[in-house]
1. Looking at Gln82, Gln110, which is the one that is open to solvent by 80 Å² or more (accessible area, probe 1.4 Å), closer than 26 Å to Glu211 by Cα and touching a Pro at 6+ places or on another chain (Cβ under 9 Å)?
2. Quick one: is Ala196 closer than 29 Å to Asn113 by Cα, part of a helix (DSSP H, G or I), in contact (Cβ under 8 Å) with a residue 60 or more places away in the chain and open to solvent by 40 Å² or more (accessible area, probe 1.4 Å)?
3. Could you list all residues from segment 135-177 that are farther than 15 Å from Gln50 by Cα, modelled with pLDDT under 95 and crowded, with 16+ Cβ neighbours inside 10 Å?
4. Taking the condition in contact with a Lys or Arg (Cβ under 9 Å, 6 or more places away or on another chain) and either among the small types (Gly, Ala, Ser) or closer than 26 Å to Leu202 by Cβ (or both), does Phe127 pass?
5. Taking interchain pairs and intrachain pairs at least six residues apart, which have beta carbon atoms under 7 angstrom, with the first residue in segment 107-122 and closer than 18 Å to Phe94 by Cα and the second in a helix (DSSP H, G or I) and aromatic (Phe, Trp, Tyr)?
6. Quick check on segment 184-193. Is at least one of its residues free of Cβ contacts under 8 Å to residues at least 24 places away in the same chain, open to solvent by 80 Å² or more (accessible area, probe 1.4 Å) and more than 20 Å from Tyr47 (Cβ to Cβ)?
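The values are calculated or read from the model by the stated rules, or taken from the named source; none is laboratory data. Everything numeric here is computed off the predicted structure, so don't read it as measured data. Because the Cβ atoms are built from the backbone with ideal geometry, glycine has one as well, and the counts that use them run over all protein chains shown. The protein model used for the area step is the full one, side chains on, heavy atoms only, and it has no ligands, DNA or RNA in it. Shrake-Rupley method; radii C 1.70, N 1.55, O 1.52, S 1.80 Å.
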Amino acid sequence: MNIFERENAWLGAADFVAGHDTLESFLSQARMIRRRLGTHAYKLDEYIRQLLIACSTPLDEVFSADDPLTRPLSAQCRRAAQGLPPEQERQDIFAREVQEYAAKHPLPNQEANTRYLIYFCHMVGKFLHEHLPTLVQDIWYDTETRMDSALLDKLYSEICGILGSETDMEKLNELFAKRFLAVPMLHFAFQITSNALAELLLERDPETSREIIRLLLDAEDAQTP
């Protein structure tokens, strides 16, 4: 069966929204906890405020096309495709790996941009595996400076202490996460890079008029005995 015959393969399952539309349940749970907290209800109000601060980051701006997550890799692959050494300020392990990969995989393509695209497409998976969590963590740090993580943890402990267990707060957190963290930042970032990769694979090599994806497929065929 071709999964791409179904629209939901592209758009996602229709019941995803229903499964994550937990705002009303979240509010009901929060109201119940506030009543139990009595005069300490303000602690929960601040706890929820801190959660909302953490989730209010405009991801479309953070991961804009003007500042792609793969820029460090892109720069190194361009230099390798032009036969240039890594920039002095980029003498890191991955820069050397790009140079080593290029040295072991010389390409017959005349266009430097084509060589760059081929190197980039081959190495982007390894780059993201090794560096994306750190890159996203750096972005998260900017968000974390707007919220108070220590206060969040302190309030959670204090509220659970008053309630006598973590059960109700765990449920509150789960409802909040379903509504506001349906797509975690790391997953969102990976999708952004995937869209960019698809666009690069559609670029054409001026020498052969073939798209990069075709050149990669032809190279695989050429290696097949």
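1. Numbers: Gln82 fails: touching a Pro at 6+ places or on another chain (Cβ under 9 Å).
Testing whether each residue is open to solvent by 80 Å² or more (accessible area, probe 1.4 Å), closer than 26 Å to Glu211 by Cα and touching a Pro at 6+ places or on another chain (Cβ under 9 Å) leaves just Gln110.
2. Working: closer than 29 Å to Asn113 by Cα: yes; part of a helix (DSSP H, G or I): yes; in contact (Cβ under 8 Å) with a residue 60 or more places away in the chain: yes; open to solvent by 40 Å² or more (accessible area, probe 1.4 Å): yes.
Yes; evaluated as a whole, the condition is true for this residue.
3. Leu135, Val136, Ile139
4. Judged against the criteria, Phe127 is not a match.
5. As it stands, the answer is Tyr119/Tyr101, since those pairs meet every condition given.
6. Step one: list which residues in segment 184-193 are free of Cβ contacts under 8 Å to residues at least 24 places away in the same chain, which gives 184, 187, 191.
In the following step, the residues that additionally are open to solvent by 80 Å² or more (accessible area, probe 1.4 Å) were identified as 187, 191.
Pick out the ones that are also more than 20 Å from Tyr47 (Cβ to Cβ) and you get 187, 191.
Looking for residues that are free of Cβ contacts under 8 Å to residues at least 24 places away in the same chain, open to solvent by 80 Å² or more (accessible area, probe 1.4 Å) and more than 20 Å from Tyr47 (Cβ to Cβ), one finds at least one in segment 184-193, hence yes.
Residues are listed down the side, and each one gets a yes or a no for (1) among the β-branched types (Val, Ile, Thr); (2) outside any helix (DSSP H, G or I); (3) free of Cβ contacts under 8 Å to residues at least 60 places away in the same chain:
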residue: Met1; (1), (2), (3): no, yes, yes
residue: Phe16; (1), (2), (3): no, no, no
residue: Ser28; (1), (2), (3): no, no, yes
residue: Met32; (1), (2), (3): no, no, no
residue: Arg35; (1), (2), (3): no, no, yes
residue: His40; (1), (2), (3): no, no, no
